[in-house]
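Trainee: To start, I am sharing the structure in question, which I have written as structure tokens.
Quick note: the coordinates plus some simple rules give every number you see, no bench work behind them. This structure is a prediction, so every number in the text was calculated from the model and none was measured. Please note: Cβ atoms are built from the backbone with ideal geometry, for glycine as well, and neighbour counts cover all protein chains shown.
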Amino acid sequence: MASEAPVGVFDSGVGGLSVLGAIRARLPFESLLYVADSGHVPYGEKSPEYIRERCRCIADFLLAQGAKALVVACNTATVAAVAELRERHPGLPIVGMEPAVKPAAAATRCGTVGVLATTGTLKSARFAALLDRFAHDVTVVTQPCPGLVECVEQGALAAPATRALLASYVQPLLAAGCDTLILGCTHYPFLKPLLRELVPEGVELIDTGAAVARQLARLLDERALLAAGPAQPARFWSSGDPAALARVLPVLWGEAAGVAALPC
């Protein structure tokens, strides 16, 4: 596979744009494809079987566009589908997401870590395994956050309703003494400015976008697939309303772009 082929990235909606930005920063010569499965958002309330079906469809679409690697830029989709995708596409570099339990456990000073995530992520066996592996010496307080994904999907990053909803989820974690908060959904990094207004200065916010970009760079380098550039403009598809994604791209991606309808 040619090193100049694009990297395919997908999420249940627009949250994976936070990961796409981290990839662009780390690997500026890579051409990028992005699918927002906004017609089926949020994944956090869907069954694992439903999510696996969507991931198979999107992966096949991105590979048909010539993708040399896939990034599952969604914690919930990674939990449900990344193992199956790796079985279906052996040898293809596939990078998934997981809540940053390990770095958060290392970062906490008081020994209490909070997790903001979707219900699906918090209920998953994969998340339980992360806690079992990395959280022996810390207390982990989890907080499901229904409604936050939809706020980011609408680009309502600083709306009063978003602030009120986020505050209602953060306050129990602060009351429990958390000094480190894991942003366990790719949508949530876009709420960092608002979070910084809601939590004390000493509370650390941890997400995994940069770690995913590093892992992608490592896998591409191992396979001699790193692009020499220049990168082609990023291309975008949505299974929801393409115009809705186009409207939020200047806010979440930093520039305008055309969006096509996902045919599956």
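Trainee: What's the angle, to the nearest 10 degrees (0 to 90), between helix 242-252's Cα axis and the longest principal axis of the chain?
Mentor: 60 degrees
Trainee: Taking only Cα atoms, what is the 0 to 90° angle, nearest 10, from helix 17-26's long axis to the longest principal axis of the chain?
Mentor: Approximately 70 degrees, to the nearest 10.
Trainee: What relative contact order, as a whole-number percentage, does the chain give when Cα pairs under 8 Å and 6 or more residues apart are counted?
Mentor: 29 percent.
Trainee: Can you tell me the 0 to 90 degree angle between the C-alpha axis of helix 209-222 and the longest principal axis of the chain, rounded to 10?
Mentor: Its long axis makes an angle of about 40 degrees.
Trainee: Fully extended, how many nm does the chain gain between E49 and R196 (0.36 nm per residue separation, minus their Cα-Cα distance)?
Mentor: 49.3 nm
Trainee: Still on this structure, please answer the following. If amide hydrogens are placed 1.01 Å from N in the peptide plane, which non-local residues have theirs closer than 5 Å to the one on L205?
Mentor: L181
Trainee: Taking 0.36 nm per intervening residue step and subtracting the Cα-Cα distance, what contour gain separates Q171 from E222 on full extension?
Mentor: Here the answer is 14.0 nm.
Trainee: If each DSSP helix of 4+ residues adds -39,500 (n - 2.57) and the sum is divided by the residues in the chain, what number results at 222 nm, nearest 500 deg cm²/dmol?
Mentor: Counting only the DSSP helices, I get -13000 deg cm²/dmol.
Trainee: Still on this structure: Can you give me the long-range amide H partners of G13? Hydrogens built in the peptide plane at 1.01 Å from N, cutoff under 5 Å, separation of 5 or more residues or another chain.
Mentor: D37
Trainee: Counting only other residues whose beta carbon sits under 9 Å from that of Y34, what net charge do I get with K and R as +1, D and E as -1? Walk me through the numbers before you get to the answer.
Mentor: Details: positive: R235; negative: D11.
With Lys, Arg at +1 and Asp, Glu at -1, the net is 0.
Trainee: Follow-up question, since we're still on this one. Using a cut-off of 14 Å between beta-carbons, work out the net charge of the residues near V79 (Lys and Arg +1, Asp and Glu -1, V79 not included).
Mentor: With Lys, Arg at +1 and Asp, Glu at -1, the net is +1.
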